[in-house]
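J.: One structure coming up, written as structure tokens, with questions to follow.
The values are calculated or read from the model by the stated rules, or taken from the named source; none is laboratory data. Nothing here was measured: the structure is a model prediction, and the numbers come from that model. Cβ coordinates were reconstructed from backbone atoms using ideal geometry, including for glycine residues, and neighbour counts include every protein chain displayed.
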Amino acid sequence: MKNFDLTKSTLTRRKVLKTLGAGVAAASILPRLGGIAHAATSEPIRIGFQAHRTGIGAAYGRWYSRATSAAVTRINDMGGINGREVEIITEDDGTDPKRGAEVIEKFAKQHEVDVAFGTLYSHVVYGSAPRAGELKLPYFVVSEGHHVASGKLNRYTLQPGITDVKSQVQAMAPFVADNLGKKVTMIFPDFAFGHDHRDFFTAAIEAQGGEVVESIAIPPTETSFTKYFPRIPRETEVIYHVMVGPAVLTFVKELGEFFGPNRPELFGFIDSLEAVDFASPGLEFLEGSYFWEGMARYAQADQTDIDKTYRAAVGVDNNGASISDSRDVATFSHMFGCWETLNIIKRGMETCGYQGPADRQSLIEAVEAMSDMPYSLDHPQGAKRFNGKTHQTFGHQYISQVIDGKLVVKHKTSIEDGLYEDEVDYTKQSF
Amino acid sequence: MFHPNIKNKSFKKSWLYLALVALFITTGGIITAHAHASEQGFVLLLPTNFYILAGCLAVVASILIVAFIPLHWLVGLFRPLTISNFGHLSRTQNFISLISTILVFWLIYVGFSGPHNPLTNLLPLTIWTVWWMAIVALHGVVGGLWLWLNPWSGLYNFVFDSASRQTLFKLPKALSQWPATLIFLIFFGFLIADPAPDDPSRLAAIVASYWLFTFCGMALFGAKDWLNQCESFHVFFKLIGSLASIQLGKKIKIGWPGWAALNNGSTSIAVSVFVLMILASGSFDGLSETFWWMAKLGVNPLEYPGRSALITPTIAGLIAANFIFCLLFALCIWLGVQLANYGCKTSDKVNFSKAFGQLAISILPIAFGYHVAHYFISFLVSSQYVVVALSDPLAVGANYFGLSHYHVSTGFLKTFQTVKTIWLAQAGIIVSLHILSVIMAHHIATSLFKTRLRILSSQIPLAIFMIFYTFFGLWLLATPRSV
């Protein structure tokens, strides 16, 4: 028995089709199912969703599941892929690299999925991608990590639906240098995630004529930060902060107590406060500060129909919270990646006339051949430009200011702001 | 696309979900598993140092009060009232147990052939949320439920004539309850160290194996001996159930919580160790999630490597925690006995093993309180998944309760006020059950030692131990965790 929880509505329609006994007749009654009814095979397209349902990534996993469910419902309502229903098979990886590799193996051998998709945490991607390569299973990750474009993975691993951290950080530098200041102090957690920000932003701000005047690495287990703040040089014009983990609220509160009303400009990454309500105590200090957002959490004054439709589909209100519980803030800057990746898989399969696992290589070649993707309901975060050589997509980033406790978009970067030199050409690797 | 008609239906039937959650909560059900960073972020903003101090002072105050109240009050406190006769219920018990057997078989089937997602498959949801969280908590309110709910005794009595049955083998009495104690430790190791204890098919294989192992044991050695000596959860639920005010036996009795535990008669050393193991294992479960433990292992808690990478240290830690805890407890009892026996005639002296065996029961409330508090938040989240899964138990697209489109929410973990309320509720559970432990320990000491001075002397080391453990339990709630 498969996991049908994500595709119940289409299953209901399948039963309707069977009852009517004729695909063509049914298609005339349910026009959006015409494609499914005319498919050469009734076998669904199986997509293995490697989900962080438990473990450290469970909070993200819940919203990734919701976005995935909504995207699949939409795709099936539009006729599926090549006339075939899409079925999601969810396996929990426990946000555990070793289990990640086991899940990939189950997808390939037990469930015989067409592709695997949906991984967020970088260490799980690192643990899973080699196995996907060995099993020749296309593996579409939604991770933000620079691991794909860095060349450390393989031909079968792609990240077409979400930009990577190097691109995001690089794209921030022009705005920071032009509007907030050129002398930057960076405060970041002392491990790979923070080091990536330090390295990428230091290079990017120097390219803009600015400089990082101090880099303050905070031990990951730290829960009190006051002792680190005297290291912030007086000449600092901007503090760039990317703290993550349970002590983030304490960090902001103590930063506020340290500076009082006379603070330098603040620029942060929403990763610190993803799924956290800005009305939370201690966050008043962030009023007027700036954040990178992958996708604007709050509906903006110029909200498009695409944004409205996307929010309705994934069940998120205009404040970025669940429509069923206004306190339940979504991981809005990341979850769109699942939605967009599934639409890219659909387009890739349709381009290559995908029929089954024998066409996996053709699918990868079809995706590698993609380039510009216009802003549309397939890509509600914004237009994308996919680089087939590096298997990484590039796109717009949003810089928002906290005004009255809400994030208001002040700047949208160009795709070009985030481009960088290729570090790998996966197309030269054999299958 | 969304389907407004279905959503409206869901809304109308959401009362059912609310009622079920309310039932769990009001009956004492609790749990946690998907704590989000934001919830812990709020906890770090709370004045937890002050709360911890207040909790410890409350336990100190209870120790002082208990030390000076008249002894006959204490004895009277744990005397139960008989409410009514239940009569002979063996048939009803067997019937319910048979239904439980069928349910377990069905869940094993669902585990093997249902959805692979542990949050939509009813097997892991039932085992970890309903059974390990809610039913354990329920046992603290109504004792003896496992005699009805266990999935073996009904079928056993149906297949065998248990009254006149001669078994093939006999379990040595010397084994005592050590097999059950060992199995509990193995179970806990699986719970906290296995990479995927909630993987449906893996769990189905384990549940099926344990069911078969137990049933074969009952068939070969007789139900009574096997369940009492080897079936870990009979021993576990009997102990937890003995804390409940209401006891369902041949008579329904009600009394101060813990009265049944104090009236169970003599306790073997194996059962005493079992009691200590419940608390030590539960405590280590909490400790192993903390930043403190991660730092000891050299693991970055913000980049948690997953359970697979920590199997060995987790198992080693579990064994070490149990060993150290038993040793510390034994040391407290030994010191207390030395103090109480000081200057006594030899004939009046109480030996260590007797005191250890009896006083270990006083740890039960702490173990239960910690279990409930530890799983409280997980329960509030995962119980939502249970109700949604019940709406479509076989994952075939059914929507029995109109909840298939219900969005599980963790919104209550994202506001300061609700997090504060939850934290204080958890802390209140821990502190109040520590106080119950203090009272029970004093009651036990009253039966062991003859004079007030000796009773008080015997309690000094244990009282210090309980104050320390209150601090430790509340610190575990307050300190940052990685998972």
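J.: So in the stretch A:181-200, with the set limited to residues that are of a type in the set (Phe, Trp, Tyr) and in a helix (DSSP H, G or I), which one is nearest to the other protein chains (Cβ to nearest Cβ)?
T.: The residue in question is A:PHE193.
J.: So, one more: Could you count how many residues in the stretch B:382-397 are within 12 Å of chain A (Cβ to nearest Cβ) and either closer than 14 Å to B:VAL130 by Cβ or among the β-branched types (Val, Ile, Thr) (or both)? Talk me through it step by step, then tell me what you get.
T.: Pass one, the stretch B:382-397, residues within 12 Å of chain A (Cβ to nearest Cβ): B:382, B:384-385, B:388-389, B:391-397.
With either closer than 14 Å to B:VAL130 by Cβ or among the β-branched types (Val, Ile, Thr) (or both) added as a condition, the list becomes B:382, B:384-385, B:388-389, B:393, B:396.
Counting residues in the stretch B:382-397 that are within 12 Å of chain A (Cβ to nearest Cβ) and either closer than 14 Å to B:VAL130 by Cβ or among the β-branched types (Val, Ile, Thr) (or both) gives 7.
J.: Moving to a separate point now. So for the stretch A:291-306 (the condition being within 25 Å of A:ARG234 (Cβ to Cβ), modelled with pLDDT of 90 or more and out of contact with any Phe, Trp or Tyr (no Cβ under 8 Å at 6 or more places or on another chain)), does at least one residue qualify? Break it down stepwise before answering.
T.: Initial filter on the stretch A:291-306 (within 25 Å of A:ARG234 (Cβ to Cβ)): A:291.
With modelled with pLDDT of 90 or more added as a condition, the list becomes A:291.
So of that shortlist, the ones also out of contact with any Phe, Trp or Tyr (no Cβ under 8 Å at 6 or more places or on another chain) come out as none.
The answer is no; no qualifying residue exists.
J.: Restricted to the stretch A:37-54, and to residues that are modelled with pLDDT of 90 or more and small (Gly, Ala, Ser), which residue is farthest from B:ASN117 (Cα to Cα)?
T.: Top of the filtered list is A:GLY48.
J.: In the set B:ILE467, B:ILE430, which member is surrounded by fewer than 23 Cβ atoms within 10 Å (Cβ to Cβ), away from chain A (no Cβ under 14 Å), in contact (Cβ under 8 Å) with a residue 40 or more places away in the chain and of a type in the set (Val, Ile, Thr)? Break it down stepwise before answering.
T.: Working: B:ILE430 fails: surrounded by fewer than 23 Cβ atoms within 10 Å (Cβ to Cβ).
The conditions single out B:ILE467.
J.: If you don't mind, there's one more thing I want to ask. Before we move on, is A:LYS109 more than 19 Å from the chain's Cα centre (by Cα) and at the interface with chain B (Cβ under 8 Å from one of its Cβ atoms)? Spell out how you get there, then give the answer.
T.: Values: more than 19 Å from the chain's Cα centre (by Cα): yes; at the interface with chain B (Cβ under 8 Å from one of its Cβ atoms): no.
So A:LYS109 fails the test.
J.: Now for a different question. Taking into account only those residues within the stretch B:392-409 that are under 21 Å from A:SER322 (Cα atoms) and of a type outside the set (Phe, Trp, Tyr), which is surrounded by the fewest Cβ atoms within 10 Å (Cβ to Cβ)?
T.: Ranking the qualifying residues of the stretch B:392-409, first place goes to B:HIS407.
J.: Which ones in the stretch B:128-167 are aliphatic (A, V, I, L, M) and more than 16 Å from B:SER97 (Cβ to Cβ)?
T.: Within the stretch B:128-167, the first condition is being aliphatic (A, V, I, L, M), and the residues that meet it are B:130, B:133-138, B:141-142, B:145, B:147, B:149, B:155, B:159, B:163.
B:VAL130, B:MET133, B:ALA134, B:VAL136, B:ALA137, B:LEU138, B:VAL141, B:VAL142, B:ALA163 - these are the residues of the stretch B:128-167 that are aliphatic (A, V, I, L, M) and more than 16 Å from B:SER97 (Cβ to Cβ).
J.: Please go through the stretch A:407-416 and pick out each residue that is within 17 Å of A:ASP307 (Cα to Cα) and buried (at least 19 other Cβ atoms within 10 Å of the Cβ).
T.: Result: A:LEU407, single match.
J.: Looking only at the stretch B:129-162, filter to residues that are of a type in the set (Phe, Trp, Tyr) and outside any helix (DSSP H, G or I); which one of those is nearest to B:ILE429 (Cα to Cα)? Spell out how you get there, then give the answer.
T.: Here is the first cut: in the stretch B:129-162, the ones of a type in the set (Phe, Trp, Tyr) are B:131-132, B:146, B:148, B:152, B:156, B:158, B:160.
Those left that are additionally outside any helix (DSSP H, G or I): B:152, B:160.
Values: B:TRP152: 33, B:PHE160: 43 Å.
This residue is B:TRP152.
J.: The conditions are (1) in contact with a helix residue (DSSP H, G or I) (Cβ under 7 Å, 6 or more places away or on another chain); (2) aliphatic (A, V, I, L, M); (3) within 14 Å of another protein chain (Cβ to nearest Cβ); (4) surrounded by 24 or more Cβ atoms within 10 Å (Cβ to Cβ), and A:ALA101 fails exactly one of them. Which is it?
T.: It fails just one condition, (4).
J.: Taking the stretch A:272-291 as the search range and keeping residues that are within 18 Å of the chain's Cα centre (by Cα) and crowded, with 22+ Cβ neighbours inside 10 Å, which one is nearest to the other protein chains (Cβ to nearest Cβ)? Show your work before the answer.
T.: Filtering the stretch A:272-291 down to residues within 18 Å of the chain's Cα centre (by Cα) leaves A:272-276, A:291.
Restricting the remaining residues to those that are crowded, with 22+ Cβ neighbours inside 10 Å gives A:273-275, A:291.
Details: A:LEU273: 8, A:GLU274: 9, A:ALA275: 6, A:PHE291: 16 Å.
Per the criteria, the residue is A:ALA275.
J.: Same structure, new question: Test each condition in (1) closer than 30 Å to B:ARG307 by Cβ; (2) more than 14 Å from every other protein chain (Cβ to nearest Cβ); (3) surrounded by 21 or more Cβ atoms within 10 Å (Cβ to Cβ) for B:SER437 and report the one that comes out false.
T.: (1)
J.: In the stretch A:257-355, which strands (runs of 3 or more DSSP E) lie fully inside it and hold 1 or more residues that are touching a strand residue (DSSP E or B) at 6+ places or on another chain (Cβ under 6 Å) and among the β-branched types (Val, Ile, Thr)?
T.: Working: elements: A:265-269, A:290-293, A:325-329.
Qualifying strands (runs of 3 or more DSSP E): A:325-329.
J.: Within the stretch A:325-352, can you find the residues that are within 13 Å of chain B (Cβ to nearest Cβ) and surrounded by fewer than 23 Cβ atoms within 10 Å (Cβ to Cβ)?
T.: Of everything in the stretch A:325-352, those that are within 13 Å of chain B (Cβ to nearest Cβ) and surrounded by fewer than 23 Cβ atoms within 10 Å (Cβ to Cβ) turn out to be A:ASP325, A:SER326, A:ARG327.
J.: Return the residue satisfying two criteria in turn: it lies in the stretch A:81-98 and is in contact (Cβ under 8 Å) with a residue 60 or more places away in the chain and within 17 Å of A:LYS346 (Cβ to Cβ), and of such residues it is nearest to the other protein chains (Cβ to nearest Cβ). Can you show your working first?
T.: Residues of the stretch A:81-98 that are in contact (Cβ under 8 Å) with a residue 60 or more places away in the chain, as a first pass: A:81-82, A:85-90.
Restricting the remaining residues to those that are within 17 Å of A:LYS346 (Cβ to Cβ) gives A:81-82, A:85-89.
Numbers: A:ILE81: 17, A:ASN82: 20, A:GLU85: 13, A:VAL86: 14, A:GLU87: 12, A:ILE88: 10, A:ILE89: 7 Å.
Only one residue fits best here, namely A:ILE89.
J.: Say we look at the stretch B:160-186 and pick out the residues that are in contact (Cβ under 8 Å) with a residue 24 or more places away in the chain and over 30 Å from B:PRO197 (Cα atoms); which of these is surrounded by the fewest Cβ atoms within 10 Å (Cβ to Cβ)?
T.: Looking at residues that are in contact (Cβ under 8 Å) with a residue 24 or more places away in the chain and over 30 Å from B:PRO197 (Cα atoms), I get B:LEU168.
J.: Name, by its number, the condition in (1) surrounded by 24 or more Cβ atoms within 10 Å (Cβ to Cβ); (2) within 17 Å of A:HIS396 (Cβ to Cβ) that does not hold for A:PRO174.
T.: All conditions are met except number (1).
J.: Related question: Read through the list (1) closer than 28 Å to A:ILE47 by Cβ; (2) more than 11 Å from every other protein chain (Cβ to nearest Cβ), then give the number of the only condition that A:THR309 fails.
T.: A:THR309 satisfies every listed condition except (2).
J.: Regarding the stretch B:398-407, can at least one residue be identified that is aliphatic (A, V, I, L, M), assigned to a loop (DSSP other than H, G, I, E, B) and facing chain A (nearest Cβ under 7 Å)?
T.: In the first step, residues of the stretch B:398-407 are kept if they are aliphatic (A, V, I, L, M); the result is B:398, B:403.
Subsequent filtering for residues that are assigned to a loop (DSSP other than H, G, I, E, B) retains B:398, B:403.
Still in the running and facing chain A (nearest Cβ under 7 Å): none.
Looking for residues that are aliphatic (A, V, I, L, M), assigned to a loop (DSSP other than H, G, I, E, B) and facing chain A (nearest Cβ under 7 Å), one finds none in the stretch B:398-407, hence no.
The rows are residues; the columns are (1) of a type in the set (Ser, Thr, Tyr); (2) over 21 Å from the mean Cα position of the chain (by Cα); (3) assigned to a loop (DSSP other than H, G, I, E, B).
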residue: B:GLN417; (1), (2), (3): no, yes, no
residue: B:ILE429; (1), (2), (3): no, no, no
residue: B:SER432; (1), (2), (3): yes, no, no
residue: B:GLN459; (1), (2), (3): no, yes, no
residue: B:PHE465; (1), (2), (3): no, no, no
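J.: Let me ask something else about it. When you check B:ILE422 against the structure, is it more than 19 Å from A:SER69 (Cα to Cα) and modelled with pLDDT of 95 or more, yes or no? It would help to see each step written out before you state the result.
T.: Details: more than 19 Å from A:SER69 (Cα to Cα): yes; modelled with pLDDT of 95 or more: yes.
Yes.
J.: Right, here's the next one. If you check B:ASP392, B:ASP348, which single one turns out to be more than 30 Å from B:ALA261 (Cα to Cα) and charged (D, E, K, R)?
T.: On the way: B:ASP348 fails: more than 30 Å from B:ALA261 (Cα to Cα).
So the residue among B:ASP392, B:ASP348 that is more than 30 Å from B:ALA261 (Cα to Cα) and charged (D, E, K, R) is B:ASP392.
J.: Still on this structure, please answer the following. Can you go through B:PHE412, B:PHE379 and tell me which one is over 23 Å from the mean Cα position of the chain (by Cα), closer than 30 Å to A:VAL316 by Cβ and either assigned to a helix (DSSP H, G or I) or more than 14 Å from chain A (Cβ to nearest Cβ) (or both)?
T.: Checking each option against the conditions leaves just B:PHE412.
J.: What's the total number of residues in the stretch B:295-342 that are small (Gly, Ala, Ser) and buried (at least 16 other Cβ atoms within 10 Å of the Cβ)?
T.: From the stretch B:295-342, those small (Gly, Ala, Ser) are B:295, B:298, B:306, B:308-309, B:316-317, B:320-321, B:330, B:336, B:340; that's our starting set.
Right, trim to buried (at least 16 other Cβ atoms within 10 Å of the Cβ) and you get B:306, B:308-309, B:317, B:321, B:330, B:336, B:340.
Number of matching residues: 8.
J.: Working carefully through the options A:ILE306, A:ILE344, A:ILE323, find the one that is of a type in the set (A, V, I, L, M), in the same structural domain as A:ARG62 (by TED's automatic domain parsing) and within 23 Å of A:THR68 (Cα to Cα). Reasoning before the result, please.
T.: On the way: A:ILE306 fails: in the same structural domain as A:ARG62 (by TED's automatic domain parsing); A:ILE323 fails: in the same structural domain as A:ARG62 (by TED's automatic domain parsing).
Answer to the selection: A:ILE344.
J.: So, one more: Hey, among the residues in the stretch A:206-256 that are part of a strand (DSSP E or B) and not β-branched (Val, Ile, Thr), which one's farthest from the other protein chains (Cβ to nearest Cβ)? First the steps, then the outcome.
T.: Taking the stretch A:206-256 first, the residues part of a strand (DSSP E or B) are A:211-218, A:238-241.
If we keep only those that are not β-branched (Val, Ile, Thr) too, we end up with A:211, A:214-215, A:217, A:240-241.
Values: A:GLU211: 28, A:GLU214: 22, A:SER215: 18, A:ALA217: 12, A:TYR240: 18, A:HIS241: 15 Å.
Restricting to residues being part of a strand (DSSP E or B) and not β-branched (Val, Ile, Thr), the top hit is A:GLU211.
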